[in-house]
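Take a look at the structure set out below.
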Amino acid sequence: MADSKPSNAESQYVRRRLIVAVLIVVVSVLATIGVSSSLRLDPNVAALLPERGEAAALRRYLRAFGGSDLSMVLVSGRADAAGVEGDDELVHQVEAVARGLATDLEALDTVRMATASLEASEQLDPLLVWRHADGPARARLKQALSPEGMESRLRTSRDMLLAPGAGAVSEQIAADPLRLRQALFEAREVGSGFHAQADGSLATDDGLSRMVLVFPEGQALRGADAKAFVAQARGVIARYGSEHPDVTIGLTGGHAIAEATERMLMSDLTWSSTLSMLLASLAFLVTFRRLRAIAAVMPPLFLGTLWTAGIAASLPSGLSGIAVAFMSVVIGVGVDTGVHVYAALLEARQAGLAPADAARVARQKTQKPVLVAAVTAGAAFASLGLSEITALRQLGILCAGGEILTALAIVAVTPELGALLERRKPPTYRPPRWTLAASWLTRTRGRAIACLVVTMAPVLALAGGYWPHLSDAIVAMRPKGLEPLNVQQQIYDAFGGRRGQWVILVADPDLTVARERSDRIVEKLSTIAEHIDSLDAITAIAPAIATQKQRFAERDALDLPAKAELLEQALTKGGFAPARFEPVLEAMRDPPRELVELQAIQEADSSIMLSRYLGRDGADSIVVTYLLPRHEPVPADAAQAREVRARNLEHERQLEQAIRAVDPAAAITGYGRLDSSLRASLSADLPRVGLVAGALVLLALALSLRRLRDVVLAAAVVIAEMGVVLFLIRALDIPLHAYDALVLPVLLGITVDEGMFLLFRARASTATNAQDVVDDVIRLEGPPVATTALTTAAGFGGLIMCDFDGLRHLGMVGALGSLMGLVVALVIVPAGLRLVPDDKRRPQQAS
C-alpha cells in the first residue's frame, strides 16, 4: 500500500503545478479586466516625436493646440457638374450648402461655433487700419497721405467712379477716397491665415470651393470627444451630400484626424495581429505537420499576449501608433518558445517516454535555453527604452515583457497540453528535404570557406560605403490614406499653400508679454518678404495693445489734421466736391484711436480664429505664428537643382537669423523642420540602443555558450545578418527612418537564438566527426530553427499590411531581418563547425 502513495517529489510537483495554474488564472483575469476597461489608443502624433530639440517644441505646440483644434469643412462643386468654369448655378449651390452646413453644424451639441464667413476687414474705419498694419503697410499708408500720393490715389478713385457699373464702389470711395483700407491689403506681408472674399466668405475666387470653420467642443486627443463630434458632423455632411449630388463635402482638422487615426490604428492592430497569428500557425503546421501542435501552443501564446496587453492598458497616455506593433511582434516571437518545447516533447515521445514523462523531460530540457533566449531578446527589446521617442520606448517595453511572458506561459502550459494531445506515439521523424541541401553547402572545406566569404561580403560592402539612405520620417508619421489628410491637401490646392510650414512658438506666463514678443517677430519678418511665401499671425486681427499704441503713435506723428487740409485741396484739384467728403475730413481732424481687445474679437465671428494662434501649455501662454519660407520648385537637372536648393536654404537661413535676432527664446518648429530633428534623434538613439543591445547579446552568448569558438560563431551570425539586412535595405530601397531603423539592434537579440540552438544541438550530438555533427545539427535542429525564424518573420510580416506607414516599414525591416538571420545561421554555424571542429571530433575527409 505504501508503494501506491505518491512520492514526496511527485507531491511537490503537483503542488507547484497547482500554484502555477492558480497564478495563471488570477493574472489572466486581472489582465482581461485591465484590457476591457483601460486599453486605449493614443492618436496623438506627439508620442512619435523626440523629446529634445525642435521636436520638443513641436510636442509643446501639439499639447497646446492639438486638443482644441479648429476643424474645417471643404465644400466644392464637382468638376464634371459645371457646364463651364464658374457656372453660376453651381456657385450658388456651393454657397447655399456652405451656409446651411454652418447653421446646422453650429446647432450640434458637440460644436461650440461654426461659420462660413468672417467679418470683412474692408469695413474697418480707414483711420484705424494703422493698428493692423505691418511695417511695409504703414509705409504705403504714409505714402498715400503725401501730396503726390493723394493726387495719384484720387486719380485712380476717379477712374473707378467713371467706369461702367461703378455704383457698388461709390459709397466705399465716399467713405475712403484715398482707399486706405485697400492700401493695407496691397501686397500685404502678414495675413490671418484664411482666404476671405470682400464679403467675408471663405471662398475661392471662382466661388466653386468654400470653407466652413468649425470649433468643436471637447478635446481632439480625447477619443470620446473626437468620435462624438465626427459622428454628428458626418451625419449632417451625409445629409447635405445626398441632397446635393453635384457638391463634394470633406471634413478635416484635429478631431477628424484624431478619430481617423485611432480608427486606422485599431484596424492595423486587429488585422496585423490576426495575420501574424495565421502566418505563425501556418509555419508551425508546416514544420510539425500536426494540427494538434497548434492547439498546444496557441492557448499559452494567447495568455502571454493577453498579459502583455494588460501592461499596455496600464500606460497612462494610451498606446501610440508605433507601439501598436507589439501584438504582432509578441505573437511571432513568442511562438519561438513553443517550437522548441513541442519539438522536445515529440522527441521524447518518439524515444518511448510516457506522455507525462515526456512533458516533464521536454520542460527540463528546454526551459533554460528558451528562457535564456527570451530574456536575451527581451533585453534587446528593452534597449529601446533608451530612445528619445515615447512610442519606441512603449514598443520596447511591451515587446520585452511580451517575449518573457509568452515564454513563461508556454513553458508552463504547452508540455501539459502536449501530453494530453500526444497520448499516441507520434510517427517517426523525417527531416525535410531542404536539410540535405543545407548540409551539402558546407560539406567540403572549400564550400564552407566560400559560404563564409559570401555571407560576409555585404559587411565588406558596408565598410566600402554602401549604406542605406535615411528617408523622410514625416512620411511615416502622416499616413497618406487618411481621408482628413486628403481633404487638408485639397484645401491647400484650392486656397493656396503647401506643406513645409514653420511654427514660431512664443511662450510666456503673461499672455500680454507673449503677444508683444510675437508682434515684434512678425514686424521684423514683414520687412524681408522676399524670403517668405506666406506669413500668418494673430497680429493681423488682434495686435497686442502695446503694438496698437505704437502704430497709432506713428500715425499721429503724420499730423492728420494737417493732412485733412491737404486732402481737401487735392479733392478740389481732382474735380471732387469736398463737401461730399466732409465726414472723412472731420475724422482726420480728430482721428479715432480705438484699441481692439481680445474680448471684442471673442464676441465677433472672427473669434473662431483665436484658437489657431493662442493656447496654453502648463503655466505658460502660447502664441504661434505660421511661416512658409519661399521655396522654388527643384528642377530635374542636377546642376540647376543644386542652385535652387542652395537658394531655398538661404531663404530659410535669413528667416531663422531674423527670428533669433529679435527673440532668441522663441522656438522654431513644424513638420517642415522635423525631419532633421528625427535624424538627429536617430543618430543619438541608434548607437546607444545598438551598444546596449550588442553588449547584452554578447553577455548572454558568453554566459550560455561558454566556449570561445561557439561565442565567435554566434557573434559572426548576428554581424553577418546585420550586414546582409543593411545591404538589402539599400538594394531594395526600403525606407529607413527613426521608427524602423531602431529595429536593427533589436534584431540582434531576436535572431541570436537561431545560432545558439544550432550550437547547443552540436554539443548534444554523439557523432564522432565534424561532418556528421553538421548533418545532425541541420537535420534535427534545422527545422525547429527555421520555424522560429519564420514565425518571427510572420509576426513582423503581419505589419506589412498596415495602413500606418511607420508600422509597415517596421514590419518590412523586421521580417527581412528574421529571414536573413535564418539563412546566415544555417550557413555560418555549419561552416564554422566544419572548419573548426571540437578537439574530440576529427573532420571527415571529403573530396
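Any read-out appearing in this document is the output of simple, stated calculations on the displayed coordinates, not a laboratory observation. Note that the structure is predicted; figures quoted are calculated from it, not measured. Don't worry about glycine lacking a Cβ; one is built from the backbone with ideal geometry, like all the others, and counts go over all protein chains shown.
Side notes on the structure shown:
- Acute angle (nearest 10 degrees) that the helix 805-835 long axis makes with the longest principal axis of the chain, alpha-carbon atoms: 30
- Euclidean distance of C-alpha centroids, the stretch 402-445 and the stretch 798-818, integer Å: 27
- ³J(HN,Hα) computed for each position of the stretch 513-518 - Karplus, 6.51 cos²θ - 1.76 cosθ + 1.60, integer Hz, glycine/proline x: 5, 4, 5, 5, 5, 4
- Among 656-668, 15-27, the peptide with the highest mean count of other Cβ atoms within 10 Å heads the list, and the full ranking is 656-668, 15-27.
- Between ASP663 and THR270, the FRET efficiency from the beta-carbon distance, with R0 = 51 Å, is close to 0.60.
- Cα Rg, Dmax, the chain, angstrom units: 35.4, 133
- For the chain, lysine pairs separated by 8 or more sequence positions, or belonging to different chains, with Cα-Cα distances below 22 Å total 9.
- Computed [θ] at 222 nm, deg cm²/dmol, the chain (DSSP H ≥ 4; -39,500 (n - 2.57); rounded to nearest 500): -21000 deg cm²/dmol
- Rounded if a/c under 1.5, otherwise prolate or oblate - the stretch 396-477, Cα gyration tensor axes: oblate
- Net charge over other residues, Cβ less than 15 angstrom from the Cβ of VAL370 (K, R count +1; D, E count -1): -2
- The longest part of the chain holding none of the exposed loop chymotrypsin sites (Phe, Trp or Tyr not before Pro), meaning those outside H, G, I, E and B in DSSP with at most 15 other Cβ atoms within 10 Å, is 1-428.
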